[in-house]
Amino acid sequence: STCSTQSHRTNNETTMCRPSQNPIKPPLRLLLTQESFNATLPAKDDSNKLLQHSPYRYGLGGPDSMSTMLTVSIKVLLLFTLEHVVRLIIHKFSHIDPILHVERNRHILARHLAVDFGSLAICGFIAVKNRHTVCGELITHMKSWGKSDSMSDEETERRVFTYHPASQQMMVWFFAYQVKNMYDTIYWNDGIEFVIHHIFAGAAAWGGMFPGCCHFYALFYFGFSELSTAILCLLANFDDQFGVVGLEKVFPKTKIVLGALFVTSFIVCRCIMWPFVTHHFFKDTKKALASTHPLAASRKNFLHLLRFCCFGLSLIQFFFVAMIIQTGKEELAKLMS
């Protein structure tokens, strides 16, 4: 009887220690605050609970993909609603100039102001707000022009595989924006190059959440670097192809100010910061691909995709610089004449 009791106790202990084959599904919830993105697992996970879950459902331990999809859907609906509200506001003040009497012009302005600028401004705000808690050592290293030892090779795995709630929150906003942007691109027939861009940008943002990696660098690529794009979206209103024809005649000084702000922000974010951050990104991801970290194996394919996207986007920067120089010459010639 004693042996039977001991055997029963041993079996119970073994069962209790065995990893659960069917983990309890987290409740479906709407992610509205940064606190709602906090990790659902403790920072020090000695039992490796994260490895028992699918990375494509639970990522790096934050909110699951179902709650994320629900939140993305709500944010996309919010962008549609906000765009419609801005259309109504512009219509109310259309007496300012006859150019606003045209419905198409009001729709273009609402898209660039409410959807494009609004979304990217939110992503930029989240990045600036959380810059020290997420990527403080990168900023320190950048300020020292690469002379500090804050970006040590020993911390590579932490930079690639650590979960950050702020990065997750920002990528949810960015992905929702890409969904709405894809709809607008098709509706307004912007061109196949924009469709391809939105697909890669959306895939990078979603992959950053599920399976999840590189949250350390997400703040720059989806936040800081998009600050210049946010200003470009405002400047796009003055473009004859994608904006409102004749708007520059109504607000000539506004166009000049936005142009100067865009060129300045592009030089800082894309010409100075981008090469510096990208150098460390490729260095860390290369080491992560050869890492024996428990989370590395299930994320290697996505790391390869991220490196490919980053390489392609880096090449595009050179074309943007050439376009900016050419456009700058044309605008300067207009001012001189």
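Could you tell me which of the pairs LYS143/LYS283; LYS129/LYS300; LYS92/LYS253; LYS92/LYS180 are separated by over 27 angstrom between their Cα atoms in the structure shown?
Where the Cα-Cα span goes over 27 Å, the pairs concerned are LYS129/LYS300.
For region 53-126, count the residues as N, evaluate 2.2 N^0.38 Å, and divide the Cα radius of gyration by that value, please.
Values: Rg = 17.5 Å, N = 74, 2.2 N^0.38 = 11.3 Å.
Here the answer is 1.55, to two decimals.
Of all accessible surface on region 125-207 at a 1.4 Å probe, what whole percent is carbon and sulfur? Show your work: numbers first, answer last.
On the way: 2510 of 4050 Å².
In region 125-207, the share of accessible area belonging to carbon and sulfur is 62 percent.
Which one of PHE320, PHE266, HIS293 is farthest out on the positive end of the charge dipole of region 210-337, using unit charges on Cβ (Lys, Arg +1; Asp, Glu -1) and the Cα centre as origin?
Of the listed residues, the answer is HIS293.
Taking the chain as a Gaussian network, Cα atoms linked when under 10 Å apart, which of LYS25, LYS92, LYS143 shows the biggest mean-square fluctuation?
Evaluated over the chain, the most mobile residue of the options is LYS25.
Would you mind computing, in nm to one decimal, how far apart the modelled labels at THR40 and ILE96 are, each placed 7 Å from Cα along Cα→Cβ?
If labels sit at THR40 and ILE96, their model points lie 4.6 nm apart.
Given labels modelled 7 Å from the Cα in the Cβ direction, how far is it in nm from LYS143 to LYS286?
A separation of 2.9 nm, rounded to one decimal place.
Just reorder TRP188, TRP145 by solvent-accessible area, largest first, 1.4 Å probe, all chains present.
Working: TRP188 60, TRP145 200 Å².
In descending accessible area the options line up as TRP145, TRP188.
In whole angstrom, how far apart do the alpha carbon centroids of region 198-236 and region 278-314 sit?
So the separation of the two Cα centres works out to 16 Å.
If you bin every alpha carbon distance in region 132-216 into 5 Å steps from zero, what whole percent lands in each bin?
3, 14, 18, 16, 14, 13, 11, 7, 3, 1
Starting from the Cα of LYS334, draw a straight line to each of the aspartates and glutamates and keep only those under 20 Å, dropping any in the same chain fewer than 8 residues away.
ASP239, ASP240, GLU248
At a probe size of 1.4 Å, how large is the accessible area of MET323, to the nearest 10 Å²?
About 120 Å², rounded to the nearest 10.
What Rg and what Dmax come out for the chain when only alpha-carbon atoms are used, in angstroms?
23.9, 104
SER298 to LYS253: extension gain in nm, 0.36 nm per residue of separation minus the Cα-Cα distance?
Details: separation 45, 0.36 × 45 = 16.20 nm, distance 5.23 nm.
Result for the pair: 11.0 nm of gain on full extension.
Write down, largest first, the equivalent ellipsoid semi-axes of region 224-337 in whole Å, where each equals the square root of 5 times an eigenvalue of the alpha-carbon gyration tensor. The partial results should precede the final answer.
Details: eigenvalues 299, 36, 25 Å².
Whole-Å semi-axes of the equivalent ellipsoid: 39, 13, 11.
Any idea what the dipole of the chain comes to, in debye rounded to 20, about its Cα centre with Lys/Arg Cβ at +1 and Asp/Glu Cβ at -1? Let's see the in-between values first.
Numbers: 32 positive and 25 negative charges, 69 e Å.
Rounded to the nearest 20 debye, it is 340 debye.
Counting heavy atoms of the protein chains only and a 1.4 Å probe, report the per residue accessible area for region 57-191 as a whole number of Å². Intermediate values should be presented prior to the final figure.
Numbers: 6350 Å² over 135 residues.
Accessible area per residue: 47 Å².
The values are calculated or read from the model by the stated rules, or taken from the named source; none is laboratory data. A quick note: this is a predicted structure, and the numbers were derived from the prediction, not measured. Heads up, the Cβs are rebuilt from the backbone with ideal geometry, glycines too, and the neighbour counts pull from every protein chain shown. To get the accessible areas, we keep the full protein, side chains included, count just its heavy atoms, and leave off ligands, DNA and RNA. Shrake-Rupley method; radii C 1.70, N 1.55, O 1.52, S 1.80 Å.
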